[in-house]
Amino acid sequence: MESKMGLEIHCQLTGAKSKLFCRCSCDYRGKAPNANTCPTCSGLPGTLPLLNQKAVEFAGMISLALGCKVPDEIAFYRKNYFYPDLPKNFQLTQYNAYGITSIGFEGKLEYGDGKSARIRRVQLEEDPGRLVYEGGSMETSVYALIDYNRAGVPLVEIVTEPDFTDPKDVRMFLDKITSIIEHLGVCDTKLEGSVRCDANVSVGGGNRAEIKNVSSFADVEKAVRYEITRQRTMASRDIEVRSETRHWDDARKVTKESRTKEEEQDYRYFPEPDIPVVVLGSEFVSSIRQSMPELPDARKDRFVSKYGLSAHVAQVLIDNKELADFFESAIKIYSSPKEIANWIVTDLMSFVDERQKEQVRSLFAGLKIGPEHIADLAKLVDHDTINRATAKQILSQIVRTGEMPSHVARKTQAGKIDDAGALAQAIESVFKAEQAAVQDAKHNPNAANFLLGKVMQLTKGRADPKTALEMIQKKLMED
Amino acid sequence: MVTKEEVKHLGWLARIELSDTELKRYTSQIEEIIKYLDKLDTIPLEQFKPIVAKKKFADLRSDEPAGFEGDALGTKYRKDGFVKGPRMV
Amino acid sequence: MALYTLGAGHVAAGIKSREFSAEEYVCQLLERIEKVEPKVNAFVTVSKEALERARAIDKMIRDGEQTGPLAGVAVSIKDNICTKGIRTTCASKMLELYVPPYDATVVKRLQDAGAIVIGKANLDEFAMGSTTEFSRHGTTRNPWDISRVPGGSSGGSAASVAALECTISLGSDTGGSVRCPASFCSAVGLKPTYGLISRYGLVSYANSLEQIGPVGRTVSDVVSALNAIAGTDENDHTTAGGKPAYSLQERKGLRVGLVKEFIEGADLAVAKVINKAVDTLAGQGCRCEEASLASVQYALPSYYTIATAEASSNLARYDNVRYGFDLSPEGYEWNSYFAKARSNFGEEVKRRIIVGSYVLSSGYYGKYYLKAQQVRSLLKRELKALFKKYDVLIGPTMPILPFKIGEKVDNPLKMYLVDIDTVVANLAGMPAMSVPAGFADGLPVGLQIMADEFQEQTMLVAAHLFEQAAKMQRSPEL
Ligand SMILES: [Mg+2]
Ligand SMILES: [Zn+2]
């Protein structure tokens, strides 16, 4: 039974300074409840929406980055429904039923392994306020506490066609979206609640369930998997899957039936009379195209062509803007792109704390590491000051201490014994102590490795094994 | 024809409680009003595009934040800065 | 002569020249209000700060400070226009305790010009009505005959002006709500071109139709108010650019079209007065002829579709959570709380919300709302063609005389029909005003003058010309 999935992704335009329709700040996090409000975003009688130019520009950028067409004119609609977090009891959004009025439409985005998904539309809309339940849960609280600080923060909603068949692809697609909006600088995806996703899922051509409230991209794959299993199980028992809205229970990691609010046919959409149709004009697209920062795909190509990275390594770097930025900062300090890229992708990534990464939404959360460290490390290796094994050891140390690699190398005198005399001396004393092994080694090449081990032990690993082995073999022949 | 069920549903969508007598009265009054509005449907208007007000992108509000001095919320039902609302379930 | 009978120009000049003080003038008005309010009931709230403001203006003048063109002039403000610190109820239980934390742009501009807000004027709840009977604060009565309605929904505005309780008033006009009561109360009321005056702070009833408009006893007073408040506002995306200044100029040979459909639909008594007004204009050198506005028959259904649709959405915000009246949310499930609170809307408001929800319902949008919008462009096109031939179009403002209180209150559709002549200007976004034309059976009749978009100056020229020639009595004995 084939499953089909489509996504509705909401990203807050945290890159904007003011809300979508009023001058309140977008930066509501950490503020006292309702301190970030004005008559307009609290829905006071007599107030009027004043559309933020920057938000339109950002939404235009996202549309272009997702391969969407951008119309000459856009309009806003009212979506009418009651909910306690909605100050006006309607949401100002965009709508395409009576001609195209949303900022982006008919797009297509390629993601991993040459797969692609069609983008139905990109629309600009306002975020509602936030409800806090006294006692922690919706079910048990006697009243809700409402904070309008978030109300009116600009959101871009990206709606895909139901083009996904594998939950893994959903994850890859979301990673790509994340990377794009991060690269555009329109949304800081690390901020709590800045990206949210709804997913609709159907199995075997059956009814479609819509999963709401998935507040972390990482959980979308899980939610979708759970829902596919649920629907398959139902189908296998000949129970019809209902067309319904389900909630993602973040704590228990299951989807739950949720009480229906208004249905789509009850929203009574109509054009917002207080916002005239916005004429973007022909220059809009060309001017934002010009001002748009480099997108992940272009960046990847540049990493391959300019720095000689492999396609795979470049991909890993750009999949996460934080990583790509880290790389570019490091090579500015010390220009050895391949060496640095390898250190980042293969070694540094193994220290990433997955749990912290999800919580703090930063790759290197909890690690005391910056581009300057990796640049320093690469330089030490490049200049043969330390060998690779030592470098790895140092890395595992400094991610916790934040010390500079060169400093650690000096302090522990980890500098390689590059003095041939000192190495010869060490070999000399091993030969004296291990005479039986020396004799053995003259006939058995494997025994030479034993001698090398002893030399390394004696030099506390500071010897270059290659040089040491060469010298051992030479001495065996001489003796 | 406007039915009682329709008016009841519209009342729910508008979150307006309607008593049985209100429902009866409204249904007949609204039926009469809607019949009058039906006149709109008798004229062929396909060639007329609705009037739309327009505004240039360049004339939109520039993205400069400003705080509001004063209390935008009038209710006395508050707790720790939050507004107290009814329970959700 | 009592100070409260003076026009705005005289008041400001008298105060500035210290012929009398703003305090004396406001005191007289407050006394007048106390005397006539029991009969008229034009106010929802009388301002406690008016006297203080008057003293402040007197002090500014004594200190030689600059004061605006409306220095000391007392204005009443329809109670659906936000006044910072003065409750703004929309004549509804739903906003019983609402005190706006900000001033509407028009209020700010009037005050910047030196005007004093003397009180908040009564209206039909949320401006929905044509009689000011649908008010939580009781019916406003027509100063010319207190058994009759003053018109609406800005009934308090027109009545307070006619009853000499203030010098100027601001109303709002969604489908005739300034012009209708101006006509019924023998005052001058103007609805400007859509976008001429900021709606920031006007509690929305039907956003795409309504404009704030001044009411005064003379064209001159209306011009003073208009000059103070008109012009672009960065807080309202729908305002047009620029800041116009109007004057009482003269112009010869105005081309006047009498709208046939309007006069034909009017009661005989009204038609007679209007025909006489046509003669008066002709006597002043205007070229008058009959003009036809055929699609006027679709105006009312179009108006009520759009107005109720927009209203149903605009009024959704009144859920009593952030502001409203005292009803603790504790213990209620949210849907039942909302429904309980919102059942406190008045009859007419509830009716319009449901009609509006109906016409926006899925499947009906194309049949009603979209069609109604198309009618607007049809009307506009027809009017534009007429304004190539005529400088102004005229007709009765109201097809009937002020009627008895309670007469139409039980038949909503019948009530809607009285707006037939006024809604056209709102649908087309064009300016229109009502000037006193005369009396029939001792009751006022208003002459409606319409002009093309942003041609307020031409309209005012015609109104002034007529006013000078007709010399109508402006305020009744009370
Ligand atoms: Mg949305
Ligand atoms: Zn705000």
**Prompt:** Applying the selection to segment C:89-106, what residues are open to solvent by less than 10 Å² (accessible area, probe 1.4 Å) and more than 11 Å from chain B (Cβ to nearest Cβ)?
**Reply:** C:Thr89, C:Cys90, C:Ala91, C:Ser92, C:Met94, C:Ala104, C:Val106
**Prompt:** Quick check, is A:Ile158 within 16 Å of ligand 1 (Cβ to nearest atom), assigned to a helix (DSSP H, G or I) and either at pLDDT 95 or above or touching a strand residue (DSSP E or B) at 6+ places or on another chain (Cβ under 9 Å) (or both)?
**Reply:** no
**Failed item in (1) part of a loop (DSSP other than H, G, I, E, B); (2) closer than 24 Å to C:Arg217 by Cα; (3) open to solvent by 10 Å² or more (accessible area, probe 1.4 Å), with C:Arg109 passing the rest** = (1)
**Request:** Answer yes or no: is there a residue in segment A:92-112 that is in a loop (DSSP other than H, G, I, E, B), assigned by TED's automatic domain parsing to the domain that holds A:Pro273, open to solvent by 20 Å² or more (accessible area, probe 1.4 Å) and over 20 Å from A:Glu272 (Cα atoms).
**Result:** yes
**Message:** Suppose the filter is more than 14 Å from every other protein chain (Cβ to nearest Cβ) and either open to solvent by 20 Å² or more (accessible area, probe 1.4 Å) or in contact with a strand residue (DSSP E or B) (Cβ under 7 Å, 6 or more places away or on another chain) (or both); does A:Lys212 pass it?
**Reply:** yes
**Fill in**
Of (1) within 16 Å of ligand 1 (Cβ to nearest atom); (2) open to solvent by 10 Å² or more (accessible area, probe 1.4 Å); (3) assigned to a strand (DSSP E or B); (4) under 30 Å from C:Tyr318 (Cα atoms), A:Leu131 fails just (1)
**Prompt:** Which of (1) within 16 Å of ligand 1 (Cβ to nearest atom); (2) more than 8 Å from chain B (Cβ to nearest Cβ); (3) within 30 Å of the chain's Cα centre (by Cα); (4) not in a loop (DSSP other than H, G, I, E, B) does A:Phe21 not meet, given it meets every other one?
**Reply:** (4)
**Request:** Hey, could you check segment A:44-73 for residues that are touching a residue at least 60 places away in the same chain (Cβ under 8 Å) and within 21 Å of B:Glu69 (Cβ to Cβ) and say which is nearest to the chain's Cα centre (by Cα)?
**Result:** A:Asn52
**Message:** Checking the conditions here, which among C:Ala385, C:Ala437 is farther than 24 Å from B:Tyr26 by Cα and buried (at least 18 other Cβ atoms within 10 Å of the Cβ)?
**Reply:** C:Ala437
**Complete:** Residue set A:Gly112, A:Gly60, A:Gly104; condition in contact with a helix residue (DSSP H, G or I) (Cβ under 6 Å, 6 or more places away or on another chain) and within 15 Å of ligand 1 (Cβ to nearest atom); output residue A:Gly104
**Message:** Return the residues of segment A:204-243 that are of a type in the set (D, E, K, R) and more than 30 Å from the chain's Cα centre (by Cα); say none if nothing qualifies.
**Reply:** A:Arg232, A:Arg237, A:Asp238, A:Glu240, A:Arg242
**Asked** In this structure, does A:Lys88 turn out to be within 16 Å of ligand 2 (Cβ to nearest atom) and of a type in the set (Lys, Arg)?
**Response** yes
**Meets criteria (touching a Leu at 6+ places or on another chain (Cβ under 9 Å), under 30 Å from A:Ser137 (Cβ atoms) and outside any strand (DSSP E or B)) for A:Glu322** = no
**Message:** Whether any residue in segment B:59-82 is open to solvent by 40 Å² or more (accessible area, probe 1.4 Å), in a helix (DSSP H, G or I) and either facing chain C (nearest Cβ under 8 Å) or at pLDDT 95 or above (or both) is what I want to check.
**Reply:** yes
**Item:** Condition met for A:Ala65 (farther than 19 Å from A:Cys22 by Cβ, open to solvent by less than 20 Å² (accessible area, probe 1.4 Å) and within 9 Å of chain B (Cβ to nearest Cβ))
**Value:** no
**Request:** May I ask you to verify whether B:Val7 is open to solvent by less than 50 Å² (accessible area, probe 1.4 Å), in a helix (DSSP H, G or I) and within 7 Å of another protein chain (Cβ to nearest Cβ)?
**Result:** yes
**Prompt:** Somewhere in segment A:55-69, is a residue within 14 Å of ligand 2 (Cβ to nearest atom), assigned to a loop (DSSP other than H, G, I, E, B) and in contact with a strand residue (DSSP E or B) (Cβ under 9 Å, 6 or more places away or on another chain)?
**Reply:** no
**Item:** Single residue of segment C:340-360 satisfying the filter (open to solvent by less than 20 Å² (accessible area, probe 1.4 Å) and more than 23 Å from the chain's Cα centre (by Cα)) that is farthest from the other protein chains (Cβ to nearest Cβ)
**Value:** C:Ala341
**Item:** Every residue from segment A:133-177 that is within 14 Å of another protein chain (Cβ to nearest Cβ) and touching a residue at least 40 places away in the same chain (Cβ under 8 Å)
**Value:** A:Ala144, A:Leu145, A:Ile146, A:Asp147, A:Tyr148, A:Asn149, A:Arg150, A:Ala151, A:Gly152, A:Val153, A:Pro154
**Item:** So B:Ala14, is it within 7 Å of another protein chain (Cβ to nearest Cβ), at pLDDT 95 or above and open to solvent by less than 70 Å² (accessible area, probe 1.4 Å)
**Value:** yes
**Prompt:** Any idea which residue in segment A:31-57 is farthest from ligand 1 (Cβ to nearest atom), counting only those that are touching a helix residue (DSSP H, G or I) at 6+ places or on another chain (Cβ under 9 Å) and β-branched (Val, Ile, Thr)?
**Reply:** A:Thr37
**Prompt:** Can you spot a residue in segment B:21-39 that is within 27 Å of A:Asp85 (Cβ to Cβ), more than 16 Å from ligand 1 (Cβ to nearest atom) and under 21 Å from the mean Cα position of the chain (by Cα)?
**Reply:** no
**Fill in**
Quick count over segment C:1-43, residues being part of a helix (DSSP H, G or I), more than 12 Å from C:Ala163 (Cα to Cα) and among the hydroxyl-bearing types (Ser, Thr, Tyr), is 1
**Fill in**
Of the residues in segment A:24-49, those that are touching a Pro at 6+ places or on another chain (Cβ under 8 Å) and surrounded by fewer than 20 Cβ atoms within 10 Å (Cβ to Cβ) come to A:Ser25
**Prompt:** Within segment B:28-57, can you find the residues that are at pLDDT below 95, touching a Gly at 6+ places or on another chain (Cβ under 9 Å) and either more than 8 Å from chain C (Cβ to nearest Cβ) or part of a helix (DSSP H, G or I) (or both)?
**Reply:** none
**Item:** Selection count where residues are near ligand 2 (Cβ under 10 Å from one of its atoms), closer than 23 Å to B:Gly85 by Cβ and touching a strand residue (DSSP E or B) at 6+ places or on another chain (Cβ under 8 Å), scope segment A:1-40
**Value:** 5
**Prompt:** Right, A:Asp219: open to solvent by less than 40 Å² (accessible area, probe 1.4 Å) and assigned to a loop (DSSP other than H, G, I, E, B) or not?
**Reply:** no
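The values are calculated or read from the model by the stated rules, or taken from the named source; none is laboratory data. These figures come from a predicted structure and were not determined experimentally. Every residue, glycine among them, receives a Cβ derived from its backbone with ideal geometry; neighbour counts consider all protein chains shown. Just so you know, the surface numbers come from the protein's heavy atoms only, side chains and all, with ligands and any DNA or RNA stripped out. Shrake-Rupley method; radii C 1.70, N 1.55, O 1.52, S 1.80 Å.
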